[in-house]
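Written out below as structure tokens is the structure these notes cover.
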């Protein structure tokens, strides 16, 4: 009995609130590593030949710090060194959006595309509500798709960059703290941040009266490293911009070989340029004038010229040739999907409504090039309903609902319209009870949680 009591006293002597909080923080960090920190549809990742490896690698960081937290919640060690380590880990986790957007621009491109597509489809529903609610939709017109946005978020155009008002751009453009990125981030990232804060709170609980003093000392030690990190972060954006500007000058002077060589190096050191239309077009023209053409870039350049002249058929041909030559070019794939969708929209909006039937072919092809393309799904859902193909329209409606589950902020108007198409299908099948339930879901987002067999 004495031995047991002595052991119990030994444990109680070593367990205090600091170690309990540190242990809880470690458990939260482990919880944040349950799954990848970024979510995109798997079939889209497969078609684009991209991966979210970086997001998966990041998951090992909280596991590492959780191990440190658990170890030091049991054993003794240098308190300040441990606090500085956790501060460093927190800063690295906070930079996850920057690293994800900069070093995997293809992922950022897809996220941007989905975000803008969803917003545009949502606006179309809201602007055309009276027509959208009509079962036959004979007078409705579809919106023309916009060209994909560049993955180069931060181009320096003038000296306003160095003004205080540009601080917001630092967070939204450089650090990628913007709606399109956060639209598909996994909550585990926020849980990891919470875990680091809990752990740091526990580390500063050693002595309550000295906590503020310890924090001030730590900040003094961290400040030089933090300043250096911000300086390097600024250089990582400033230097590519300077080189980009010099390439424009060299191109104007006819120094095409220089432009080619430096552009290829720059796109390797700063990958977002691989998703910039102007950058690739300049590289294509430099190769052409220097008699060293890059075939896929030449086709891409021809496609751009055709698109600007509203020759969508030739633009599609050239973009398709470019994608065949370089299947991993996410920008070319995005442009090809946009052109095919634009052809379908033009066909749909033609005076003769029977064109809605042939438009579905364009919309289906768009989805083959760019899976889960929100505008293509929405347009196809409408076209199928106009053609009286309510079963096929309902299938696309279900696809829209499923794809919106990946987003952090589902588009309410778009999902409501999808449920309405499901309601029409059930009504045509004489399943009036289910049709009424679907209709309620189309006007009341509180009914979305209702479990319906067809969605399972």
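Is it the case that the stretch 383-390 has a residue that's assigned to a loop (DSSP other than H, G, I, E, B), surrounded by fewer than 22 Cβ atoms within 10 Å (Cβ to Cβ), at pLDDT below 90 and at negative phi? Checked against the condition, which is being assigned to a loop (DSSP other than H, G, I, E, B), surrounded by fewer than 22 Cβ atoms within 10 Å (Cβ to Cβ), at pLDDT below 90 and at negative phi, the stretch 383-390 yields at least one hit. For the stretch 335-367: of the residues being without any contact (Cβ under 8 Å) to a residue 12 or more places away in the chain and out of contact with any helix residue (DSSP H, G or I) (no Cβ under 8 Å at 6 or more places or on another chain), which is surrounded by the fewest Cβ atoms within 10 Å (Cβ to Cβ)? Among those that are without any contact (Cβ under 8 Å) to a residue 12 or more places away in the chain and out of contact with any helix residue (DSSP H, G or I) (no Cβ under 8 Å at 6 or more places or on another chain), it is 351.
What are the residues in the stretch 251-274 that are in contact with a helix residue (DSSP H, G or I) (Cβ under 7 Å, 6 or more places away or on another chain) and under 23 Å from residue 107 (Cβ atoms), if any?
263, 266, 267, 270, 271, 272, 273, 274
Against the list (1) assigned to a helix (DSSP H, G or I); (2) out of contact with any helix residue (DSSP H, G or I) (no Cβ under 6 Å at 6 or more places or on another chain), the condition residue 291 fails is (1).
For the stretch 49-80, the candidate set comprises residues that are more than 22 Å from residue 218 (Cα to Cα) and outside any helix (DSSP H, G or I); within that set, the residue that is nearest to the chain's Cα centre (by Cα) is 52. Just one of (1) under 25 Å from residue 223 (Cα atoms); (2) touching a residue at least 40 places away in the same chain (Cβ under 8 Å); (3) touching a helix residue (DSSP H, G or I) at 6+ places or on another chain (Cβ under 7 Å) fails for residue 92. It is (2). Answer yes or no as to whether residue 89 is assigned by TED's automatic domain parsing to the domain that holds residue 389, buried (at least 21 other Cβ atoms within 10 Å of the Cβ), more than 22 Å from residue 180 (Cβ to Cβ) and at pLDDT 90 or above. Yes; evaluated as a whole, the condition is true for this residue. Residue under question is residue 227, and the condition is that it be surrounded by 12 or more Cβ atoms within 10 Å (Cβ to Cβ), at pLDDT 90 or above and assigned to a helix (DSSP H, G or I); does it hold? Here the answer is no, as residue 227 does not meet what is asked. Scoring residue 319 on the criteria (1) surrounded by fewer than 22 Cβ atoms within 10 Å (Cβ to Cβ); (2) not in a loop (DSSP other than H, G, I, E, B); (3) not assigned by TED's automatic domain parsing to the domain that holds residue 117 leaves a single failure, condition (1).
Results for (1) surrounded by 16 or more Cβ atoms within 10 Å (Cβ to Cβ); (2) touching a helix residue (DSSP H, G or I) at 6+ places or on another chain (Cβ under 9 Å); (3) over 23 Å from residue 101 (Cα atoms), shown as yes or no for each residue.
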{"residue": "43", "(1), (2), (3)": "no, no, no"}
{"residue": "49", "(1), (2), (3)": "no, yes, no"}
{"residue": "72", "(1), (2), (3)": "yes, yes, yes"}
{"residue": "82", "(1), (2), (3)": "yes, yes, yes"}
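In the set (1) surrounded by fewer than 18 Cβ atoms within 10 Å (Cβ to Cβ); (2) over 26 Å from the mean Cα position of the chain (by Cα), the condition left unmet by residue 203 is number (1).
The values are calculated or read from the model by the stated rules, or taken from the named source; none is laboratory data. The structure presented is a predicted model; accordingly, all values stated were derived computationally and were not measured. All Cβ positions, glycine included, derive from the backbone under ideal geometry; neighbour counts span all protein chains shown.
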